[in-house]
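The values are calculated or read from the model by the stated rules, or taken from the named source; none is laboratory data. What you see is a predicted model; the values in this text were computed from it and never measured. Quick reminder, even Gly has a Cβ in these numbers, built from the backbone with ideal geometry, and neighbours come from all protein chains shown. Keep in mind that these areas ignore ligands, DNA and RNA; they rest on the heavy atoms of the full protein, side chains included. Shrake-Rupley method; radii C 1.70, N 1.55, O 1.52, S 1.80 Å.
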Amino acid sequence: MVLPRRLLLCYLGSHLAAALYFRGESSSTPYRQNLRNIGDASYVGTVYVGGQPVQTIMDTGSFDLLIFSKRCVMQCGKARLLYDDKASSSYRQGEAFTQHNFGSGSTMSLEAYDSLRIGPLVDPNQVFWEVYDADMPILYSGTFQGILGLGPPESSITLAKRDATEAKSELKDRVAAGTVTESQREAAKNYISLPSKLKETKSIVAMLKVQCFSICLGKASGSPGVVVWHDYPPEARPKDMFTTVQVAPESLYWSAELRGVDLGHSASQHQASSRIDLGCKDKSCLAVLDSGTSLLVMPRFAYEEVQTIFSDWRRNGGDCNDLSDLPNIEFSMGGTLFSLSPESYVGNLKVDGDAYKTLPNLTPFMPQLVEQSMRREQEAEILGEGDHTCTPLVMVMDMDLESEQRIWILGMPFFRQYYTTFSYQHGNASTHGRPVARSMSFARSDEHCRPTTKSNSTGEAVSAAGSLYRMQVDASKIHIPQLHKRHTN
């Protein structure tokens, strides 16, 4: 195939810039890893640990690699799918152990090492946490056996230092009270030594020398997503394709300053609507980009406004088959304007037998589920197997940082509309050479999860496609953000 000169120059220019950026490393060729869509609420990709395939969530909201193994004494999913360290000749157990807290539950893990392969990317001796105990109802469905944390690697050490400080304080109190046991002393010793151990290990990002990776999720219900490892840096792309935002200083997460959140104009171009304030006007908020959280998460005030708008829309004949009369969610992040169409916060929720096992964990974040259930009972309706309910697909979470800055979590709906590239800075002496989160870059995505130039973007007209883009979210697969546990424990 012969490319036109204009396209050839663009092609060669982007590849040359990328090659210079990666300093000629052979591992820098972009690799598009497919992510399987599970109920429009979870996406998993295959990684190989010790040669064994593990269905893994790619989570920008956590920081470590967790692999659920056959050692698990409680419910960790379907046993035949779990990692078996006895079947790997390259497995090696470490000395440390730890607990991880996620919004969907908690795990206990042992430090372990084994070979790791993601497509063509190989690390023969990758550290990970081998889960031997879990309290996570979402594991009942057995749809994933691993969590690959893609959050800033340095944050893992920061959090371990906090845990070490708490362990020291608790041990001191117990010793003073004369109530400390030998097992408690050993547990405290483990947590106190963990930060130094983590400094000696390298994250997946460091081992694979990842400068940039990108995440994009398909727009249509049921469509897959992708993680692009060693993606081209945004500065190597056409100038009008990406908008870059610097990561918020001193944040543990991929995050940026958030201002001026509104329910803006109706998605249907012919109908005007007044703007409704959702907060972050007088004082900025923090937006956390979390690919492991199923829905948008917002403060209670904003959540209640969305519920009110939805209720008014339903009373006026609104139906999930056509969301075009609902307004977009509009906001400024890092000084750049963004817009999410109604499909990002309204759709169908599937509640069946499996979902009832996870509803106790879910209803505090989606209280409308309780109200809808009561309304059905009053109307003498029976929630049938596989029933789909048209509802706001948002979660409420009242969290403030120490600075009293409110938090919004931009979960999977954001990645369905924006191709997002995460960029690291490597070799920082103050972080012992560990990669540091530098910036996030955003471009509207096309139907094939490719970034588009702003002039060719059709993102603003997403709602016009109707039911194709309406989500059919399986309630039993919904993931609650880890951030919730970090700020409530």
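Brief remarks on what is shown
- Some residue of segment 59-69 being part of a strand (DSSP E or B), in contact (Cβ under 8 Å) with a residue 24 or more places away in the chain and open to solvent by 10 Å² or more (accessible area, probe 1.4 Å): yes
- Entry remark, segment 189-239: residues being more than 24 Å from the chain's Cα centre (by Cα) and under 30 Å from Ala164 (Cβ atoms) number 11 in total.
- Within segment 304-330, the set of residues being closer than 30 Å to Glu250 by Cα and open to solvent by less than 10 Å² (accessible area, probe 1.4 Å) comprises Ile329 only.
- Residue match in segment 293-308 (condition: in a strand (DSSP E or B) and either farther than 27 Å from Gly218 by Cα or among the acidic types (Asp, Glu) (or both)): no
- The lone criterion from (1) farther than 30 Å from Ser423 by Cβ; (2) charged (D, E, K, R); (3) buried (at least 17 other Cβ atoms within 10 Å of the Cβ) left unmet by Glu343 is number (1).
- Enumeration of residues in segment 305-336 that are among the acidic types (Asp, Glu) and touching a residue at least 40 places away in the same chain (Cβ under 8 Å): Glu305, Asp319, Asp322, Asp325, Glu330
- With respect to (1) under 30 Å from Val436 (Cβ atoms); (2) among the β-branched types (Val, Ile, Thr); (3) surrounded by fewer than 18 Cβ atoms within 10 Å (Cβ to Cβ), the lone exception for Thr179 is condition (1).
- Pairs with Cβ under 7 Å, 6+ apart, first in segment 264-287 and within 17 Å of Ser344 (Cβ to Cβ) and β-branched (Val, Ile, Thr), second at pLDDT 90 or above and assigned to a strand (DSSP E or B): Ile276/Asp262; Ile276/Leu263
- In the set Ala188, Ala160, Ala134, only one residue is open to solvent by less than 30 Å² (accessible area, probe 1.4 Å), touching a Leu at 6+ places or on another chain (Cβ under 7 Å), under 28 Å from Ser88 (Cβ atoms) and small (Gly, Ala, Ser); that residue is Ala160.
- Filter result for the condition that a residue is in a loop (DSSP other than H, G, I, E, B) and either of a type in the set (D, E, K, R) or modelled with pLDDT of 95 or more (or both), over Arg23, Arg36, Arg32: Arg23
- Counting residues in segment 436-448 that are charged (D, E, K, R), part of a loop (DSSP other than H, G, I, E, B), crowded, with 16+ Cβ neighbours inside 10 Å and at pLDDT 90 or above gives one or more.
- Residue in segment 204-227 that is open to solvent by 60 Å² or more (accessible area, probe 1.4 Å) and closer than 24 Å to Ser294 by Cα present: yes
- Residue match in segment 100-112 (condition: open to solvent by 20 Å² or more (accessible area, probe 1.4 Å), in a helix (DSSP H, G or I) and in contact (Cβ under 8 Å) with a residue 24 or more places away in the chain): no
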